[in-house]
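Each remark here refers to the structure printed beneath this line.
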Amino acid sequence: MRWLLILSLAAFSLAACEREDREYRSNPVTAETNEKIALSPLSAGPGSPSEQRSGLGQQYEENAYHISQGQRLYTWFNCNGCHANGGGDSGPALMDDRWIYGGQIENIVQTIREGRPNGMPSFRGKIPDDQIWQIAAYIRSMGRNVPKPAAPSRRDDMSSVPAEQRRPPGEVIDGGQIPPSAQMPQ
Amino acid sequence: MTRAITSHDLDAVPEVSRLATGERGGVPGIQSEADAPPSPDELRDDQVDGPELTARLAKTWGTDKGLIGTLSTVDHKIIGRRFIVTAIIFLFLGGLSAVAMRMQLALPENRLIGPDLYNQLFTMHGTTMMFLFGVPIGEAFAVYLVPLMVGTRNIAFPRLNAYSYYVYLFGGLMIWVAFMLNIGPDVGWFAYVPLSGPEFSPGKRADFWAQMITFTEVSGIAVAISIIVTVFKLRAPGMTLDRIPLFVWAELVNSFVIIFALPAVVTASAALMMDRLVGTHFFNPAEGGDALLYQHLFWFFGHPEVYIIFLPATGWVSAIVVTFARRQAFGYIALVLSLIATGFLSFGLWVHHMFTTGLPQLGASFFTASSMLIAIPNGIQIFCWIATLWDGRPVFRTPLLFIIGFFFIFVAGGLSGIMLASVPLDTQVHDTFFVVAHFHYVLIGGNVFPLIAAVYYWFPKFTGRMMSERLGKWHFWLAFIGFNVTFFPMHITGLMGMPRRVYTYLPEMGWANLNLVSSIGAVLFFGSFVLFLYNIVSSASRGPLAGANPWDAGTLEWAAASPPMPQNFDRIPVVTNREPLWANRDSLPVVAGLSVENREQIVSTITHGRADLRESSPEPSIWPFVAAIATAILFVGSMFTPWALVWGSIPLAVALMGWFWPKPSTEDER
Amino acid sequence: MRRVGPFALFAALPLGGCQGWQSALDAHGPSARSLADMFWIFVAVLATVWVLTMITLLLALRRRRPADTDPLATDPQTERRMTITISVAIGLTLVTVVSLTGLSYAAQKVLFAHKGGALTLLVTGQQWWWEVTYEDPQPNRVFTTANEIHIPVGEPVLIKLESSDVIHSFWVPSLTGKMDAITGRQNLIQIQADRPGVYRGQCAEYCGLQHAHMGLLVIAESKEDFERWREHQISSAIPPNDDERQRGMEILLSKPCVMCHQIRGTDAGGKVAPDLTHVGSRRYIGAGTLETTRGNIAAWIVDPHGIKPGVNMPTIQLEPDEVQPLATYLEGLK
């Protein structure tokens, strides 16, 4: 009976520690991570496309501190200039489940790094890599694709959208469809 | 079911008896009301005597052995002991975090502890000391001693009392486990918004703080209610209002302050949790909320909180000064009225924590006046105690030494508080180490030193053994010197510009030497607590045996055995004087007629203490423990989802139904 | 009387507290001076109260009524005398408290009366630095700097305090008391220095991880020096005057620096971090954490979290041969 208690406490501890870990100093100084993610689920030959992930995704997506930093950086780097508070403006919406270039966190990281056609700038060299991951984690939280305790709550700001932790969960559709903002007359 | 005590019952007892030993005695005239005739089948305590009475009552009032028995106990002494031990454990944990902080601050730009851990440490230190030690320790001593001092067998609402201990324990465990898992709160013990709000405090850290508040405040209010009812309604016959011991008055006033102050902080923490969890805008200026609202709510509680910590200590000081001056208290009425005045006035001071927030000046100056004015009732108390010592014959044993330390330290702290009460001076020293020095002087001088004295004083009653006098004197000097070496330099560092809550400081600031002195003092001061712990542990097993009244004190708890039997007194005493044991040295008058086989207490009138009713006292029950578990599930769950309030209330409802399920009373069967 | 010993030792300690560039007792402005004077008056009065109380206590402890006296026995004459003494003492305490309240109120009225001078500043507390905007009726003379305030000697300067994130508190003890910067409201504080000098201040309200390293400097100088400083601050950044600095500027413009920092006169236009246009002219970087030298600037850029863990500046990727030119360029932005 006592051992069960200790074991369950230990199990909780593993879960809690990662969510609340505060890694300030990226160590070593971050070079770009190497993600090789397919944008399409199809592949030549049997099976799914071969992919290579750095594995950082889970670490950022499930960490409340990183997501909260991403929330700050989203405004600081003026992402809402084109994407508003996730609803999209001249840029596509980020809080829905439609992703032109893939909605997993590695896809979003690559989007921010490379830029994309039709207006998304490339931020390589201008936003350090760990901050790109933080912003990507925040964007994932917009669609409630992160654990609820890690997602940020409302901002101390005028409230235009529900808090990220209170939105209904979204599902990622790989290689999705053209969003309404891209269908508007140019 | 209650039955009135009849004069027939009282006349049946031939003589006055000494309660602890059960010698024979008689009963002076006690007023009562004749009512229904007594049942002839039930065994009453006027029909049995001596050791047989003691044994039968111990069986009726005792606690079963085994795990279920231990968890079901409603004996106020066992629960009081648990409260005291738990609070002292939290005192040690808080002290360890303080020593860690002082080690980090000993050197400029020290790299012992980083900012994140340091922020968690000072938050845990403040939170533990204020919520998990400061308030509960006063309540703990009340739970143990008030029923003994008013001459009754158990506290009012014993199961609520048990429940509140478990809730307190779970709340304290929750936040310390969170700290061990690196999710301890790091927002300061006061958790100002917007720093503790949803945007700037990611994760669940601040939620643990807010929910711990809920746990401890439920527990605190429950105990306060029990104490008030005990003091008002369960006093021994003859204990009129002006014969109530000063300790009991202090705990009574304290309980009222608790009931009125704690809801404010529960409101603040609940609003904070709603902001964080559900997205309300209580404290969001952009949507019409106000960051200052939190400060008002918190400090409306926060200032009475420090009086909640101080008032029980005035009770300890009164009790110890009277015993060790060998003289009844001087100025009893003045002391009681000062307690009540302090309790009322403490609600009118809270804005002095907000003098630098830009509030209108005229309003702020009102709070300067009231903050300085509270020195008057405090001063009356100090002067009355000194007068008692003046006209007495001081006995210099360890408890009195610590009380003398209290005088030195607390008065100094109170006077630095007068400085802080002034708005302009406060703009310089607010949020610096000067404030840290001030409140440690008043809190440690005003609560911890009397607490240590109280432990030395009542240890023989709790355990039946005396603590070592030699170790006690070493303890006192180490504590006194260590405390002053630690905290006096902080007055100076604060004036030299060192703000609070900084994990390090630059070498060129010139604060390094004084901080090193403080840190050395902290080690000494902590060492005194280690010595204290050693004294407690070694005396508990090997100390010299104490009788019922080793200090020759005057209040009723010294008439019970050491440690007291489960029933406290074989027969309920009758009180004719403020110091019953000094007025009746040879034998204490008692009233008889309570059942021996069932748990019964005398309920008396509020002002005159006239015996009125026989009330049955609840039996041991496991439901308080179950209800506390259900409460913990409800509270912890609601940190993660608001649905926990819905689903979590179901087990709580079940537990409460079990608790209050009407049971046929044993009396009804007869 | 052996308890007096430790106190004599402590009495000597305060003498060390008077000097210091962040000391409330080392006053260099009219407000701080009146506060320091008031402080000493309070100390004198209250210390006397304490000493008298302790003497009474010690005398009380020495006085002993005869042994074996009944503890309940009280002598009516003694009771009467003690009642009178205590009443007198309470009366004196009341008088003391009321006069201290009056003194405090009088000083409060003076302290919070804002006369308003020619100079108005807007100071915004940020996590964990101070954004300082010098206001001016002419918009092209408004400029923003960080963590260092220059004021002319002898003139009152009005500071509007705001906060962009959490509650901070603006405190320069040598000049005046503190005032909180609270989100959602604007507070006012007035500072004035009597003689030229460098006065340090620090944030005095817990604001997160690096509350400990949120210092600021107030430099009071003569009117001419101040005007010269102000003109220079309004101007754009000094262009690089040698190859190394030129290379440093190019490195800066190609790195993440431009996303957050502004250097007027270049393409760097970020608004969320301290303005670097004249960073070399400031005495400290990192909000009073490191002195402005080339080595410290390089250390800060290479490893900000080693110095100020948790700060919002990220670790950026720099080649080893880029560090020196970048630091040289920034140091040259005087």
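Every residue, every condition in (1) more than 11 Å from chain B (Cβ to nearest Cβ); (2) not hydrophobic (A, V, I, L, M, F, W, C), yes or no:
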site	(1), (2)
C:TYR134	yes, yes
C:THR144	yes, yes
C:VAL153	yes, no
C:PRO156	yes, yes
C:SER164	no, yes
C:HIS168	no, yes
C:SER174	no, yes
C:GLN186	no, yes
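Among the numbered criteria (1) in contact (Cβ under 8 Å) with a residue 12 or more places away in the chain; (2) at negative phi; (3) in contact with a Gly (Cβ under 9 Å, 6 or more places away or on another chain), which one does C:GLY208 miss? Here C:GLY208 clears every test but (2). Looking across the range C:84-118, the residues that are more than 7 Å from every other protein chain (Cβ to nearest Cβ) and aliphatic (A, V, I, L, M) come down to C:ILE84, C:VAL88, C:LEU92, C:VAL95, C:VAL98, C:LEU103, C:ALA106, C:VAL110, C:ALA113, C:ALA118.
Look at the range B:61-87: where a residue is without any contact (Cβ under 8 Å) to a residue 60 or more places away in the chain and a partner is crowded, with 23+ Cβ neighbours inside 10 Å, sitting 6+ places away or on another chain with Cβ atoms under 7 Å, you get B:ALA87/B:PHE133; B:ALA87/B:PRO136; B:ALA87/B:ILE137; B:ALA87/B:ALA140. Among residues of the range B:222-235 that are in contact (Cβ under 8 Å) with a residue 24 or more places away in the chain and part of a helix (DSSP H, G or I), those with a Cβ under 9 angstrom from a residue that is surrounded by fewer than 20 Cβ atoms within 10 Å (Cβ to Cβ) and among the acidic types (Asp, Glu), sequence gap 6+ or separate chain, pair up as B:LYS233/B:GLU615.
Selection of first residues in the range C:65-79 that are on the phi > 0 side of the Ramachandran plot and of second residues that are surrounded by 14 or more Cβ atoms within 10 Å (Cβ to Cβ) and of a type in the set (Gly, Ala, Ser), restricted to Cβ pairs under 6 Å at least 6 apart or on distinct chains, gives an empty result. Quick check on the range B:347-374: of everything there that is aliphatic (A, V, I, L, M), facing another protein chain (nearest Cβ under 7 Å) and surrounded by fewer than 23 Cβ atoms within 10 Å (Cβ to Cβ), which residue is nearest to B:ARG326 (Cα to Cα)? Top of the filtered list is B:LEU373.
Taken as a whole, the condition of being more than 22 Å from the chain's Cα centre (by Cα), surrounded by 23 or more Cβ atoms within 10 Å (Cβ to Cβ) and farther than 30 Å from B:ASN577 by Cα does not apply to B:LEU117.
Take the conditions (1) under 12 Å from the mean Cα position of the chain (by Cα); (2) among the acidic types (Asp, Glu); (3) not in a strand (DSSP E or B); C:ASP180 misses just one of them, which is (3). Which of the residues spanning the range C:286-299 are of a type in the set (A, V, I, L, M, F, W, C) and either assigned to a loop (DSSP other than H, G, I, E, B) or away from every other protein chain (no Cβ under 13 Å) (or both)? Hits for the range C:286-299 are C:ALA287, C:ILE297, C:ALA298, C:ALA299.
Checking each residue of the range B:379-386 against the condition of being without any contact (Cβ under 8 Å) to a residue 12 or more places away in the chain, assigned to a helix (DSSP H, G or I), of a type outside the set (A, V, I, L, M, F, W, C) and crowded, with 21+ Cβ neighbours inside 10 Å gives at least one match. Considering the range B:388-464, the qualifying helices (runs of 4 or more DSSP H), each wholly inside and each with 1 or more residues that are surrounded by fewer than 24 Cβ atoms within 10 Å (Cβ to Cβ), run over B:398-421, B:433-443, B:449-463.
The lone criterion from (1) charged (D, E, K, R); (2) outside the structural domain of C:SER169 (by TED's automatic domain parsing); (3) under 30 Å from C:PRO173 (Cα atoms) left unmet by C:LYS223 is number (2). The single residue among B:PHE483, B:PHE487, B:PHE408, B:PHE439 that is farther than 30 Å from C:GLN22 by Cβ and touching a residue at least 24 places away in the same chain (Cβ under 8 Å) turns out to be B:PHE408.
Checking each residue in the range C:35-44 for being among the β-branched types (Val, Ile, Thr) and at the interface with chain B (Cβ under 9 Å from one of its Cβ atoms) picks out only C:VAL43. Within the bounds of the range A:132-142, is there any residue that is buried (at least 21 other Cβ atoms within 10 Å of the Cβ) and at pLDDT below 90? No, every residue in the range A:132-142 fails to be buried (at least 21 other Cβ atoms within 10 Å of the Cβ) and at pLDDT below 90.
The values are calculated or read from the model by the stated rules, or taken from the named source; none is laboratory data. Note that the structure is predicted; figures quoted are calculated from it, not measured. Neighbour counts are summed over all protein chains in view; Cβ atoms, including those assigned to glycine, are modelled from backbone coordinates with ideal geometry.
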